[in-house]
Amino acid sequence: MKIAVIGVKGLPPQQGGIEHYCAEVYPRMVAQGHSVDLFARSSYINYRWFDSYDFQGVRVITLPGWRLRGVDAFMTSALGAIASSVRKYDIIHFHALGPSLFTWLPRITTNSKIVVTCQGLDWQRAKWGNFSSRLIMMGEKTAVNFAHGLLVVSEHLQSYFLQTYGRETVYIPNAPANYAQSDPNFVYSNSLGLTQGRYILFLGRLVPEKRPDLLIEAFCRLKPTGWKLVLAGGISDTKSYVSQLLETVAKNREIVFAGELRGERLAEIVRGAGLFVLPSDVEGLPLAMLEAMREGIPVMASDIPPHQQLLSEQRGLLFPQGNLNLCISCLNWAVNHPQELAAMAGDAQKYVELNYSWEHITAENLQVYATLLNSSATIKTSSMAMEKAGIYGHATTSEK
């Protein structure tokens, strides 16, 4: 199969779940003999416009982009839709709802099968203004109307599309990435003043909908003895929000901003954590949480449906979304019950190993592609058979 990918910032991944998802799935498809062109933003990967390069067999094609909030994503997606429409692809795969605004173009101009993966309801994210949120919502509706195949990464999203649009979707979850080898002596963590197993970790983009502010306030009020709070993650059009966070904790020596981490340092920070906390208001199926669970780190999170899917049946701790007092109570219980927490982490680790693998996810994506292409081939073959039998001729004669 010849596959085009649209809506991805670029490869190799720097930050963002979609980029990490594509870095795992598409090289595996190439290894099975398929061809993949991924249309990327030149602003993300610092290549010139219309350059192309290889990433583990995937051809990455750079498109013009501008470092303007919201404009970059929509412009690159539009150009990707145009570029894919003038080339011959079997599958054109859009990632995220915003880029899906342009699914109509290849749908009406090509014979390609259009696939959309929804990683989350992005119009709910606080970083987008009213106009951008409306465009993303339009992208959602366009995907529902023009995609041959609609994939979702959580059971909650599957229910949402069925209840909202009556649209059937295919549930294919995310899976955790494989972390690099890390220093068993935790030298980097020690340099930040951290003690292994005695810090709470928030890992993710520092954006309002992930609620690092709630976790900071809960930690400051609880003041757990001997524990620190580490916030690790990049900025995504949220400089003013992050500035407010920094001002809030400027004089608190027990809170550490580690910035955006990758490779060995990221692996070390995760593996050394005593508790991973994700208090988000909005998520698809969070890769960072899956990775922490796979590493055997205890997890606490808000009780939004994607988190419930991962942490139900005593695989972690859940507290009511946005509830500061119950977040504090949950944190307090966690730091004072290490044995119970370790048992939960063990169950979570086994659950992830059994249910989430990139090999399985790749195979399921390819199965969706093959089903769409085979259904098209079946319709075409049936039409030819009917034409040979004179059925179409009869219809034409009777009309006359």
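No lab work stands behind these numbers, since they all come straight from the coordinates. Fair warning: this is a prediction, and the values are worked out from it, not measured in the lab. Virtual Cβ from ideal backbone geometry, glycine too; neighbours counted across all protein chains shown.
On C-alpha positions alone, give me the angle between the axis of helix 212-222 and the longest principal axis of the chain, in degrees, nearest 10.
The helix 212-222 is inclined about 20 degrees to the chain.
Loop only per DSSP, at most 16 neighbouring Cβ atoms within 10 Å: give me the trypsin sites (Lys or Arg not before Pro) in segment 120-205, ordered by residue number.
Here the trypsin sites (Lys or Arg not before Pro) that fit, given the DSSP loop and packing criteria, are R167, R198.
Within segment 13-99, report the chymotrypsin sites (Phe, Trp or Tyr not before Pro) that DSSP leaves as loop and that have at most 13 other Cβ atoms within 10 Å.
W49, F50, W66
Filter the cross-link list K9/K113; K113/K141; K2/K210 down to pairs whose alpha-carbon distance in this structure exceeds 26 Å.
Pairs exceeding 26 Å: K2/K210.
How are the C-alpha pair distances of the chain spread across 20 Å bins, as whole percents from the shortest bin up?
26, 54, 17, 3, 0
Which one of F276, Y171, L38 has its Cα pushed farthest toward the positive end of the charge dipole of the chain, where Lys and Arg give +1 and Asp and Glu give -1 at the Cβ?
The listed residue farthest towards the positive side: L38.
Quick one: order H34, H95, H337, H20 by neighbouring beta-carbon count within 10 Å, fewest to most.
By the 10 Å Cβ count, ascending, the order reads H337, H34, H20, H95.
Report the convex hull volume per residue for segment 26-184, counting only C-alpha atoms, in Å³.
157 Å³
Regarding segment 187-355, what is the average projected area of its C-alpha convex hull, in nm²?
9.0 nm²
What's the angle, to the nearest 10 degrees (0 to 90), between helix 130-146's Cα axis and the longest principal axis of the chain?
Roughly 40 degrees between the two axes.
With a Förster radius of 22 Å, plug the Cβ-Cβ distance of A363 and S35 into 1/(1 + (r/R0)^6) and report the FRET value to the nearest 0.05.
Given R0 = 22 Å and the Cβ-Cβ separation, E is 0.80.
For a quick check of your reading of the filter: which GluC sites (Glu not before Pro) in segment 300-367 sit in a DSSP loop and have no more than 12 other Cβ atoms within 10 Å?
Loop-located and lightly packed - E313.
Under the rule a/c < 1.5 gives rounded, and otherwise a/b versus b/c splits prolate from oblate, where does segment 82-125 land using the Cα gyration tensor?
Since a/c reaches 1.5 and a/b is larger than b/c, the shape of segment 82-125 is classed as prolate.
Can you run phi through the Karplus equation (6.51, -1.76, 1.60; θ = phi - 60°) for segment 361-371 and list ³J(HN,Hα) in whole Hz, with x for Gly and Pro?
4, 4, 4, 5, 4, 5, 5, 4, 4, 5, 5
Skipping prolines and chain starts, which residues have an amide H placed within reach, meaning under 5 Å, of the one on L318, given they are 5 or more residues away or on another chain?
A301
For segment 240-325, state the semi-axes of the equivalent ellipsoid (square roots of 5 times the eigenvalues of the alpha-carbon gyration tensor), sorted largest first and rounded to whole angstrom.
One finds semi-axes of 23, 18, 12 Å for segment 240-325.
Quick one: L275, L318, fewest Cβ neighbours within 10 Å first, how do they rank?
L318, L275
Under a plain spin-label model, where a point goes 7 Å from the Cα along Cα-to-Cβ, how far apart in nm are N46 and D303?
The two pseudo-label positions are separated by 4.6 nm.
Kindly provide the helix-only [θ] at 222 nm of the chain, computed as the sum of -39,500 (n - 2.57) over DSSP H runs of four or more divided by all residues, to the nearest 500 deg cm²/dmol?
For the chain, the value works out to -14500 deg cm²/dmol.
Could you list M29, M289 in order of exposure, starting from the residue whose Cβ has the fewest other Cβ atoms within 10 Å?
M29, M289
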